[in-house]
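The values are calculated or read from the model by the stated rules, or taken from the named source; none is laboratory data. Bear in mind the structure is a predicted one, so any value in this text is a computation, not a measurement. When we count neighbours, we look across all protein chains shown, and the Cβ atoms used for this are built from the backbone with ideal geometry, even at glycine. In case anyone asks, the SASA skips ligands and DNA or RNA and just uses the protein heavy atoms, side chains included. Shrake-Rupley method; radii C 1.70, N 1.55, O 1.52, S 1.80 Å.
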Amino acid sequence: MPLSIVVLVKHVYDEGQLKVDAATGLVSLQGVPGKVSTFDRNALEAALRLKQKFGGTVTTLTLGSEEANKSIREALAMGVDNAFLVRTDDLLKLDSRQVVEGLAGGLSKMPKWDIVMCAEGSTDVYSSVIPAMLAEKLDVPYLSYLRSIELEGQTLKGDRSLEKRVVTVECELPAVVSVVSEIYEPRIPTLLQIMAAMKKQITTFDFRDMNVEGEARYSLEGMFAKAVDRKKVMFEGSPSEVASKLVDSMAKEGLI
Amino acid sequence: MKSGLAETKQLSEQQRLIVESVEELCSKFDDRYWRELDSKGSYPEEFLKSIERLGLAALPVPEEYGGPSLGLREAYLVLENINLNGGNSQPLHGQYYLLFNLTKFASPTLKEKYLTRLARGEMRLQSFALTEPDAGSDTTRISTSAKKKGGEYEINGHKIFISRVMQSDLMLIAARTTPYEEVNKKTEGISLFLVDLRDAISKGQIEAKQIRTIFNSQTYELYIRSLMIPEENMVGEEGRGFRYLLDVLNPERILISAECIGDAKWFVNKCVNYANSRVVFQRPIGVNQGVQFPIASVYSELVAAEALSWQAAGYYDEYSRKGRIDEKLMGAYANISKYLAAECSSKAANVAMDIFGGYSMTRDTDVARKMIENRLYRVAPISQNLVLGYLAHSVLGLPKSY
């Protein structure tokens, strides 16, 4: 049975180019370019590998503004077949429930799917709650933080990284899955794939047609940079003495 | 853009994706990779293999032969971004301008024979044998001869500064099918041939002696003795090679500009980062106008040179597709682009050498490596003075000095 996989792709502000006002600590988004949420590319790679093995299609679903087409086009260049955008210019004003309902609304208008593949979190807010809430909303199982994926018939299996151990989990399809970034290194689009991506269609829905009811229950008041004071510890002595002092100090801080 | 410098060119969506692929590839081949190659004098084999896997080496190959059929602007972006990310795109520029040439002038038989394999990245066309010890920039004076013998041409001669002969599968060679003394116009009588290098070297018809250079390059002196080329491997018509050469040289100059622009941006980025972080007298050296102004000045020159060379690449793409290139305008565009880009990148290199102070002399900053790599473009593929001579004569109508 060919698989139908939907990957959630988010267009985020490039965190490497955020500007912080030194006096107030406020993060300004003015003029900060967008990019695809880095971890989504690992999820795309996981989906594309499943497709290579079992056949089928990989589709992306995005909630965001027209600007998100840039990230969607990147996903298409990696080898994604179809793309859907639920369009809203107010992504930052939506709370997680509204995001999930918007995504579920999009999924209901898309062809039947077997797996919704997500990244471990987005590189901007990294709340990591969307996949779990979406699975609940869709009433399907959720396998989280997988670092490997296998499929046997309708059974999806994978290893899930916990702090000190790895557990193997499985469920029946359809399901929502989130993968950690270590799962696979994302592929670089080839020139011919890039050209093919330019010819693929992106289907757009309006967020207002997704029947998301009610207001946001929380709102974003502002973004502040977290000031981290560096310890600036200096070690003195011969290189071998300094090395052991460094290792001792790092062990004391629980870093190693 | 990862470089930190704003993109001043208006890129299409497709061009942006190409740049992103190149940037991502380059992130896997960091400064350490290029530094190590440089210290060993090795060809960037692994990098080139990745370039080929992504189909970037086949960029100009037409669609009917399985290629992407992209233009000079896309080639420009690939080269610029390799250099801007600390690499050296030299091996690739050869392949690009030779593919543009083959696509334009080779017979359908010749295209069928090689372009499909070049499109798949199974072969390399990175070598161009034009320069001779006694001809230099005066191309019409080449004496390598090609004489027809049945269905083949026999080539004999001596070439110098021929790059990547041992790393490439194919080489384009220029030879005289009619000697200089017997032609009416000195530009007549030159023909171009495609050489299967592996075959020719194994038969001893080409002897390649590597020339030691001060930067990482693979360049050779060639002794060509009774090199037999099937007549179907002639590119275009016999005796019209000079005309085809011009078509190689103009895009080559624009591609060299792209490399220089990439280098210049690398130097400017390097300078800005260093000037912001290097603290002397309890403040970053970047607060001093003596440090700021040279960087800002060369940056403004690079933006201007970039604008012109990008326009030149656009002109080539638009008018070569229509088959209506104004050779004079193209020549002016290509030469001025190369001149300005080489001027500003070598100036940027010097600025970086000054700003890095003693550290510029260390290998680990890569400044000296990039400076030497870039220095080549003041003298090759054409010297700055020869460009000025050409502009003075051909564009401004002053008496010819050469």
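Annotations
- Interface residues of segment B:52-66, defined as a loss of at least 50 Å² in heavy-atom accessible area between the chain alone and the complex of all protein chains with a 1.4 Å probe, are B:LEU54.
- Here r is the Cβ-Cβ distance between A:ALA251 and B:ASN288 and R0 is 41 Å; the resulting FRET efficiency, rounded to 0.05, is 0.45.
- Over all orientations, the protein assembly as shown has a Cα convex hull whose mean projected area works out to 36.5 square nanometres.
- Among B:PRO133, B:SER191, B:THR144 the positive-end extreme of the charge dipole of segment B:126-238 (Cβ point charges): B:PRO133
- Chymotrypsin sites (Phe, Trp or Tyr not before Pro) lying in DSSP loop within segment A:30-130, provided at most 15 other Cβ fall within 10 Å: A:TYR126
- Interface area, chains A and B: about 1600 Å² of buried accessible surface, summed, with a 1.4 Å probe and ligands, DNA and RNA left out.
- Coupling constants for segment B:228-243 follow from the phi torsions by the Karplus curve (6.51 cos²θ - 1.76 cosθ + 1.60, θ = phi - 60°), and in residue order they are 9, 10, x, 4, 5, 8, 6, 8, x, 8, 5, x, 9, x, 5, 4 Hz; glycine and proline get x.
- Taken over chain A, the percentage of Cα pairs per 5 Å bin, counting from 0 up to the bin with the maximum distance, is 1, 6, 11, 15, 16, 14, 12, 9, 6, 4, 3, 2, 1, 0.
- Segment A:35-77: translational diffusion in µm²/s, Stokes-Einstein, Kirkwood Rh over Cα pairs, 4 °C, 1.567 mPa s: 117
- Rounded to the nearest 20, the Cβ-based charge dipole of chain B about its Cα centre (Lys and Arg +1, Asp and Glu -1) stands at 560 debye.
- Estimated Rh, segment B:242-395: Kirkwood, alpha-carbon pairs, angstrom: 16.5
- Taking the average, over residues, of other Cβ atoms within 10 Å as the packing measure, peptides B:88-95, B:148-155 rank B:88-95, B:148-155 from highest down.
- For segment B:320-377: relative contact order, % (alpha-carbon pairs under 8 angstrom, 6 or more apart): 27
- Between A:THR168 and A:LYS137, the C-beta separation translates, for a Förster distance of 30 Å, into a calculated FRET efficiency of about 0.70.
- Model label zone, B:LYS148; criterion: amide N under 20 Å from point 7 Å along Cα-to-beta-carbon; scope segment B:228-269: B:228-244
- Share of carbon and sulfur in the accessible area of the protein assembly as shown stands at 51%, probe radius 1.4 Å.
- Note that the protein assembly as shown presents 47 Å² accessible area per residue, ligands and nucleic acids not counted, probe 1.4 Å.
- Projected onto its three principal axes, the C-alpha set of segment B:2-123 covers 44, 38, 19 Å, listed from the longest axis down.
- Measuring max minus min along each principal axis, the C-alpha atoms of segment B:126-238 give extents of 41, 29, 21 Å (largest first).
- Note: relative contact order over chain B, using C-alpha pairs below 8 Å and six or more positions apart, is 16 percent.
- Restricting attention to the protein assembly as shown, close to 60% of DSSP beta bridges with both partner residues there are antiparallel.
- In segment A:169-217, the residues that give up 20 Å² or more of accessible area when the other protein chains are added, compared with the chain on its own (1.4 Å probe), are A:GLU185, A:ILE188, A:PRO189, A:THR190, A:LEU191, A:LEU192, A:ILE194, A:MET195, A:MET198.
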